[in-house]
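Every read-out reported here was derived from the displayed coordinates using simple, explicitly stated rules and does not represent laboratory data. A quick note: this is a predicted structure, and the numbers were derived from the prediction, not measured. Reconstructed Cβ throughout: ideal geometry from the backbone, glycine too, with neighbour counts over all protein chains shown.
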Amino acid sequence: MNIYIYGELSFKMEIHKILDHGNIRFKIGDGEVIDVEYLYDLEELIEEDPTQIFIIDQNKIIEDSVTTKLFKFLIPKDGITQKYLDHYGMGDVSIRTYKDLMIHIEKRLEFIENSKPKAHEITSIEDMLEDDTLEAISKSLN
């Protein structure tokens, strides 16, 4: 599980401080915390795997409203639309406090961990490949 951060530099720095304070880097195991610089990279990552954790600066999210249609100069050029996020099932999570952010990330990590098949639940080679169990077995045999 990776955590991707998209937004202004000050936003990214603040999120990194929060993640360090909450020891999230240790909890994600093999995952990484990655800053995303460009909108097209963010969109590519979302399309590739929308189940990852994406932390996006609220100032970069463009909501479809009358105001944004009338005042297009207010829309950030590197902003992502709310409609796009909704399409990939990421639209409705809004964090008000840093504590809420930590709780949200921990719940996502817990959900991912619980959704992996357990050793006794594996019923086919495909399940083993998805869970990297086959790789672990081959390493233990060598």
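A few comments on the model shown:
- Average Cα contact separation per residue, the stretch 3-116, under 8 Å, 6 or more apart, as relative contact order %: 29 percent
- For the stretch 3-116, lysine pairs separated by 8 or more sequence positions, or belonging to different chains, with Cα-Cα distances below 17 Å total 16.
- Per-residue Cβ neighbour rank within 10 angstrom, fewest leading, L42, L9: L9, L42
- Basic side chains Lys and Arg get +1 at the Cβ, acidic Asp and Glu get -1 at the Cβ, and with that the dipole of the stretch 3-116 about its Cα centre reaches some 460 debye.
- Virtual spin-label span in nm between F111 and N23, 7 Å along Cα→Cβ: 2.4 nm
- For V33, residues with placed amide H under 5 Å, excluding near neighbours: I3
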